[in-house]
Amino acid sequence: MSSTQFDGDIDSFVSYLKSNRGLSANTLKAYRADLTACLHLFELRGVTDLNEITLDDLRSWMAVESRDHARSSMARKTVAVRGFFAWAYEHGLTTTDPAATLMTPSIPSTLPAVLTESQAEQLLDVAEHAVATNQYKDDGGAAAAPGSGKAAGKTADKSADTVNRSEAPARADKRDNARVTAESQRNAAILELLYATGIRVAELVSMDIADIDFSNRTIKVTGKGNKQRVVPFGLPAQRALETWLEQGRPVLARTATDAVKSRAANALFLGARGGRIDQRIARDIVHRAAREAGVLDISPHALRHSAATHMLDGGADLREVQEMLGHSSLKTTQRYTHVSIEQLKNRYGQAFPRA
């Protein structure tokens, strides 16, 4: 990221947002990058004082940025710049607010991609089948204990060297099998929880074990702006979570170094090396499961869309879905009613004889 002579002002603005607006770390990081890029451009044009920047300059900046960025990104950048100059004017850094009338680009209203209910069932069935297929148990067979049972006499005749050489691969195979099983159990729990609750992937990876209340089948979710909400989940998600916590999580936790283990001690979901799972891995899990299930290639956010749509199709109240998803505006939640109506129209056209 390029630095500018205005970095101190940007730092002060971001600190102000953090203290007064409760924005997420990711949002603050994006705003900082947007402002740095904007003011760096003006610096290259010879601007040395914020008061030199005019509305026409800002419109020129938008024209340059819009060549390489989508409208959604431009909308965020404009909000960041407009907020910065409003703050600068209020705090006496500028004598006017050149961004006061800067218009935010309109974003086309597109309906979110969702799975049908049968596709969602298919996706989760495939994940459950993977757990059953990869299930590994240390049953004390020949690979686990070469010196037991009928083979004891033969094994006793072998040299200690031969036994040691044969035991090492057996132990490695056991560890690999256990890890594959654990990851299958984790993946199934992630898919079940994402669909059952409609939570965001960032909320999923930040969850701790203590956030789950199995007695009430609810989870405590920390959403955007550190706002917390409580979301219910169903019996299939409970079973998948219990299997993961009781059987799979201890296996992956053992792979962590002491430093990683201490940092991830409370994490609900772990990666292959025992640390807290990151968003990229969670997204890969969903995409891979969709491919294996033969359904629409979806993201974790599409599972969130699917959960909301299926709840509304099932008769849930719009306000209830808003609370579950953690939307600050009911308008955001209303998008899903349009999805439900579109699906209804499609079913009507297929099923009604006089459609």
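The values are calculated or read from the model by the stated rules, or taken from the named source; none is laboratory data. Just so it is clear, the structure is predicted and the values come from calculations on it, not from any experiment. Please note: Cβ atoms are built from the backbone with ideal geometry, for glycine as well, and neighbour counts cover all protein chains shown. Ligands, DNA and RNA are stripped out before the accessible areas are found, and what is left, the full protein with its side chains, is counted by its heavy atoms. Shrake-Rupley method; radii C 1.70, N 1.55, O 1.52, S 1.80 Å.
Table for the structure above
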read-out	value
Residues that are open to solvent by less than 70 Å² (accessible area, probe 1.4 Å) and within 31 Å of the chain's Cα centre (by Cα), drawn from segment 73-90	Ser73, Met74, Ala75, Lys77, Thr78, Val79, Ala80, Val81, Gly83, Phe84
Tally of residues being surrounded by 15 or more Cβ atoms within 10 Å (Cβ to Cβ), touching a residue at least 40 places away in the same chain (Cβ under 8 Å) and polar (S, T, N, Q) across segment 230-272	3
Qualifying residue in segment 124-134 (condition: modelled with pLDDT under 80 and either aliphatic (A, V, I, L, M) or open to solvent by 30 Å² or more (accessible area, probe 1.4 Å) (or both))	yes
Matching residues, segment 220-229, being open to solvent by less than 80 Å² (accessible area, probe 1.4 Å) and not polar (S, T, N, Q)	Val221, Gly223, Gly225, Arg229
Residue within segment 22-45 that is in a loop (DSSP other than H, G, I, E, B) and over 26 Å from Ala202 (Cα atoms) present	yes
Residue ID - most open to solvent (accessible area, probe 1.4 Å), chosen from residues in segment 40-56 that are without any contact (Cβ under 8 Å) to a residue 40 or more places away in the chain, closer than 18 Å to Thr94 by Cα and not small (Gly, Ala, Ser)	Asp56
Residue within segment 6-13 that is open to solvent by 30 Å² or more (accessible area, probe 1.4 Å), of a type in the set (Asp, Glu) and under 31 Å from the mean Cα position of the chain (by Cα) present	yes
In segment 24-39, the residues that are farther than 15 Å from Gly83 by Cα and open to solvent by 50 Å² or more (accessible area, probe 1.4 Å)	Ala25, Asn26
Residue match in segment 82-94 (condition: over 18 Å from Asp49 (Cβ atoms) and either modelled with pLDDT under 90 or among the polar types (S, T, N, Q) (or both))	no
Criterion (in contact with a strand residue (DSSP E or B) (Cβ under 6 Å, 6 or more places away or on another chain) and in contact (Cβ under 8 Å) with a residue 60 or more places away in the chain) met by exactly one of Val201, Val221	Val221
Complete set of residues in segment 228-268 that are outside any helix (DSSP H, G or I), in contact with a Ser or Thr (Cβ under 8 Å, 6 or more places away or on another chain) and not polar (S, T, N, Q)	Val230, Val231, Pro232, Phe233
Options Arg217, Arg171: the member that is open to solvent by 80 Å² or more (accessible area, probe 1.4 Å) and at pLDDT below 75	Arg171
Selection within segment 238-252 - under 18 Å from Tyr195 (Cβ atoms) and among the charged types (D, E, K, R)	Arg239, Glu242
